[in-house]
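The values are calculated or read from the model by the stated rules, or taken from the named source; none is laboratory data. What you are looking at is a predicted structure, and each value in this text was computed from that prediction instead of being measured. For neighbour counting, all protein chains shown are included, and Cβ atoms are generated from backbone atoms with ideal geometry for every residue, glycine included. The protein model used for the area step is the full one, side chains on, heavy atoms only, and it has no ligands, DNA or RNA in it. Shrake-Rupley method; radii C 1.70, N 1.55, O 1.52, S 1.80 Å.
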Amino acid sequence: MVNGQNRANLVRLNPDGSVDPSFANIASSTVLAIARQPADGKLLVVGSFTSYNGSTAKGVVRLNTDGTLDSGFSLGSAQGVNGQVNAVAIDPVTGKIVLGGSFTAHADGTSLNRIARLNTDGTRDTTFVPGTGFDNTVNAVAFDGTTTGATASTIVLGGAFTSFNGSAANVANRLVRLTSLGALDTTFVTGTGPNGTVNCVAYD
């Protein structure tokens, strides 16, 4: 409920702070992050929900600019992942989508330990190979921005994890950078890393 109007877990406000009545929707549970596609204004919405406006949607949906589900975005017949999605980011070079959270599998049954990259239509990007993934929750994702001549961006992730793809102790303590193919970027060295959970990351 927002200002007396029924808005379940997601609302859009006008520039003056009033509720936008044209953007009416209901997510079944908590929304944790939103990313806007710069090319068309569509919204990627992630969280712990399992349905959106009555349609099955497990952890991630893409919305048209009026708040309706984008039928051109699908994660497969099960429509999502098997756990909570905490973070979402869009590669500024390719438009591909990275998800981070506590999930461990994709809708198609493929093991995805707390990280996944999707193509622009929602299908799993099989060129992104993070191995066994993270040993604990990913809470934040950020891309390094557009690099002249780059074909894809490196990815910085933060969370409660202490290992990535079986890495040695202290190599991936709660903050890592991955290459565009999903491997650990060994040029990014944080020593023993943060001593507590990382919830947000951003590039300056």
Requested in this report: Only residues that are modelled with pLDDT of 90 or more and farther than 22 Å from residue 46 by Cβ: list them for segment 137-183, please.
Outcome: 162, 163, 165, 166, 173, 179, 181, 183
Report summary line: Here the qualifying pairs (Cβ atoms under 9 Å; residues six or more apart or on different chains; first in segment 182-193 and under 16 Å from residue 98 (Cα atoms); second outside any loop (DSSP other than H, G, I, E, B)) come out as 182/115; 182/117; 182/155; 184/164; 184/176; 184/177; 184/178
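Table: residues versus (1) more than 25 Å from residue 144 (Cα to Cα); (2) at pLDDT 95 or above; (3) open to solvent by less than 10 Å² (accessible area, probe 1.4 Å); (4) among the aliphatic types (A, V, I, L, M).
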residue: 67; (1), (2), (3), (4): yes, no, yes, no
residue: 75; (1), (2), (3), (4): yes, no, yes, yes
residue: 80; (1), (2), (3), (4): yes, no, yes, no
residue: 84; (1), (2), (3), (4): no, yes, no, no
residue: 93; (1), (2), (3), (4): no, no, no, yes
residue: 112; (1), (2), (3), (4): no, no, no, yes
residue: 116; (1), (2), (3), (4): no, yes, yes, yes
Report task. Please go through segment 31-51 and pick out each residue that is at pLDDT below 95 and assigned to a strand (DSSP E or B). Result -> 51
**Report entry** Scope segment 13-35; condition surrounded by fewer than 18 Cβ atoms within 10 Å (Cβ to Cβ), more than 20 Å from the chain's Cα centre (by Cα) and not small (Gly, Ala, Ser); matching residues
**Finding:** 13, 14, 15, 16, 19, 20, 21
Report task. Tally the residues that are among the hydrophobic types (A, V, I, L, M, F, W, C), part of a loop (DSSP other than H, G, I, E, B) and touching a Lys or Arg at 6+ places or on another chain (Cβ under 7 Å), restricting the search to segment 63-77. Result -> 1
Query raised in the report: Can residue 7 be described as more than 25 Å from residue 109 (Cα to Cα), modelled with pLDDT under 95 and basic (Lys, Arg)?
Result: yes
